[in-house]
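For reference, the structure discussed in these notes is given below.
Taken together, the values in this text are just the output of simple stated rules run on the coordinates, not laboratory data. The structure presented is a predicted model; accordingly, all values stated were derived computationally and were not measured. No Cβ is skipped: glycine too gets one built from the backbone with ideal geometry, and neighbour counts run over all protein chains shown.
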Amino acid sequence: MKHWKLCSSAVLAIVLQIILVLLPDPGRAMTMDQFLSSLDMIRNGCAPKFKLDMEDLNRLRVGDFNMQPSQDLMCYTKCVSLMAGTVNKKGEFNAAKALAQLPHLVPTEMMEVSRRSVEACRDTHKGFKESCERVFQTAKCLADNGEGKFMWP
């Protein structure tokens, strides 16, 4: 399945603009309320493009990736990551870019654990060939290293 092609640059630009509007000051991380709103916006941008079970999406929201994922669910994680700008179309995770974007993607109280997770998972994608599975497994690694604070759109 090549659902990931549906994640257009126009949608990415709109989501990033909305996230930037939510930030009160470019020098500060977003609040938890802003973070939760951005998760909903990103979910709403990607979820309709795939056949997904709401129960699976809700499990991802709280960092529970311990499931046998469908191809659609794995490609959903790719769509989300493409919107965040942390992977390329091949599903390769760019840890340097993710680290640079953390102040714009997560609230202050999640910053340090997020940095540690990115560092721990920087090469996870290399163990998988298929692009959507690469992203799903990287996201799973981030959740596993998120010290109970990881959340996904």
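With R₀ fixed at 25 Å, the C-beta to C-beta distance from N44 to Q101 puts the FRET efficiency at about 0.80.
May I have the convex hull volume per residue, in Å³, for the Cα set of the range 31-117?
Cα convex hull per residue, to the nearest whole number: 104 Å³.
Where does each of 107-117, 138-148 land if you order them by average Cβ count within 10 Å, highest first?
Values: 107-117: 16.5, 138-148: 19.7.
Going from most to least packed, we get 138-148, 107-117.
Taking 0.36 nm per residue of separation and subtracting the Cα-Cα distance, full extension of the segment from Q71 to M32 would add 11.0 nm. Distance from the C-alpha centroid of the range 78-101 to that of the range 29-56: 16 Å, rounded to the whole angstrom. Extension gain for the segment R115 to E92, taken as residue separation times 0.36 nm less the Cα-Cα distance, is 6.5 nm to one decimal.
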